[in-house]
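K.L.:
After the structure tokens below, expect a handful of questions from me.
What follows is calculated from the coordinates using simple rules that are stated; it is not laboratory data. Remember, predicted model here, so these are calculated numbers, not experimental data. Cβ coordinates were reconstructed from backbone atoms using ideal geometry, including for glycine residues, and neighbour counts include every protein chain displayed.
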Amino acid sequence: MFFSNLKHSPKGGAGRGLLILLLALGAMQVSAQDLAHYKRVIKELASAKYQGRGYAKGGANKAGKFLQKEYQKAGVDEVILQPFKLDINTFSGKMEMEALTSLNPNPSSKGEGKDRGRGDWKTLQPGVDFSMREYSPGVHGEFPVYHVDTLSYDADRMFADLAKPEYANCLVACEFWFTYRHSKDFQRLQKAGECNNAGLIYTWPAPIKFFKAYGHRVVDKPIIWVTPEAIKDVQRVRLNVDNKFLKDYECFNVIAKVEGQRHDSCYVFTAHYDHLGNLGKNVFYAGANDNASGTACIVTLAAYYAKHKPQYDMYFLSFSGEDANLRGSEFFANNPIVPLSQIKYLFNIDMIGDNSPVQYCEASEEGMRGYQLFEQINNEKHYFTNLHRGDLAANSDHYPYATRHVPCIFLENEKGDAFQYYHTIYDTYETVKFDSYEPVFRLVRDFIERY
Ligand SMILES: [Zn+2]
């Protein structure tokens, strides 16, 4: 409409000036609309309505239904829901922890009367002071805490200590990476019937993180993540934590298609819309950067290509189950609705809600020619100061396609101000950054014009 109005305007002089001005304004208006759309989708997905887009409260599936409607509104040619099942451990009930730092014999302090000498219990906040290892069972009761001596560590002495009656049914507290380096010893402490400990406490610096990737099973003993400050000098803890293991839980990928002029090959955009769900009934992980940002980006790209008919077919794959170990993308890779060999290029967009001037990328072997074009475009247009390519890893939804020889790239904004909140309760609409949206959008759009 814009061009047809101007087709008959006089050449040169004021006419050409007006044309250039209108073109510039038109381009700005399109991107302002796209940016507003992008923000609206992030805000919606990060809201309490979806409870962190997890499983126990149905938030992921609710978000999938929202996306289905959003793609339809964007004017795509077809939207399909692709169901699949997963087993997943969840925490959506009780999530309480109290810690006793020291017995308190001082009569002038808080403990009065019958409480005198019982000490002060402090309440720890879920998501702030502690979270749960994703494969932990629930845990209820009061437990002594055994602090591992990591400075002069001696495994035999630790196991001898743990055999003493005062440490029966204790929780063993230790810095996480230390347990990782001594995994043989600490694996013994995770198994039922091996030692007398009731479970483990891993320390992790604040802000405390929560994961889901290995939640397809539940181990014998509880494992709790706690900040070093919250567990320092703690002698006893009380826990009241419920878990719920969901077997064969049904979720779904949302697949939108924009028809191109040619159907012999296609471009594919992927972004996961699931996140970590709840940590107890009151706390949820909003996941604005991870990955409402990428999800919103591909929705606006779908809207763009629905209006600007592309040369090739385009698929927009909103995956579920990514934070549960790439389950949705694996499922689609094994059950594609278009042969993987027909994919000209696949763009996986995960966590672009940040403000780094550097764009992080990973490319498959077959995607390297395309990566060079990305660099060339970026060097010409200066969308980012530079692209930083890392080694291919199983860290997001491009991986199942990279291993199946699909030309693909993973786009994630390099660590900016939002990155510190990755997998914490602070990854919210208030902390997500919008800076890298437009450069990513333009980079991808230019690429498709030239690849
Ligand atoms: Zn994640």
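K.L.:
Fewest first, what order do Tyr429, Tyr401 take by the number of other Cβ atoms within 10 Å?
P.N.:
Tyr429, Tyr401
K.L.:
Quick one: of the DSSP bridges fully inside the range 95-241, what percent are antiparallel, nearest 5?
P.N.:
In the range 95-241, approximately 60 percent of DSSP beta bridges are antiparallel ones.
K.L.:
Answer rounded, prolate or oblate for the chain, using the Cα gyration tensor with square roots of eigenvalues a ≥ b ≥ c: rounded when a/c is under 1.5, else prolate when a/b is larger than b/c, else oblate.
P.N.:
Judged from the Cα gyration tensor, the chain comes out prolate (a/c at least 1.5, a/b above b/c).
K.L.:
Taking the Cα of Leu340, stepping 7 Å toward and past its beta carbon, and measuring to each backbone N in the range 285-308: which are under 16 Å?
P.N.:
Flagged as within label range: none.
K.L.:
What is the magnitude of the charge dipole of the range 95-241 about its Cα centre, with +1 placed on the Cβ of each Lys and Arg, -1 on the Cβ of each Asp and Glu, and no other charges, expressed in debye to the nearest 20?
P.N.:
280
K.L.:
Between the range 306-381 and the range 231-300, what is the separation of their alpha carbon centroids in Å?
P.N.:
17
K.L.:
Express as a percent, rounded to the nearest 5, the fraction of DSSP beta bridges in the chain (both residues included) that run antiparallel.
P.N.:
55
K.L.:
Quote the charge dipole size of the chain about the Cα centre in Debye, to the nearest 20; the model charges only the Cβ of Lys and Arg (+1) and of Asp and Glu (-1).
P.N.:
Values: 52 positive and 54 negative charges, 238 e Å.
With Lys and Arg at +1 and Asp and Glu at -1, about 1140 debye.
K.L.:
Order the peptides 338-350, 230-242 from the highest to the lowest mean number of other Cβ atoms within 10 Å of their residues.
P.N.:
Answer by packing, highest mean first, reads 338-350, 230-242.
K.L.:
According to the square roots a ≥ b ≥ c of the eigenvalues of the Cα gyration tensor, what is the shape class of the range 316-451, taking rounded for a/c under 1.5, prolate for a/b larger than b/c otherwise, and oblate for the remainder?
P.N.:
Oblate.
K.L.:
Tell me, how many Å apart are the Cα centres for the range 120-191 and for the range 53-93?
P.N.:
So the separation of the two Cα centres works out to 37 Å.
K.L.:
Sticking with this structure for a sec: Using a 10 Å cut-off around each Cβ, can you sort Asp274, Asp34, Asp397 from fewest to most neighbouring Cβ atoms?
P.N.:
Asp34, Asp397, Asp274
K.L.:
Going by C-beta contacts inside 10 Å, put Arg157, Arg40 in order with the fewest on the left.
P.N.:
The fewest-first ordering by Cβ neighbours comes to Arg157, Arg40.
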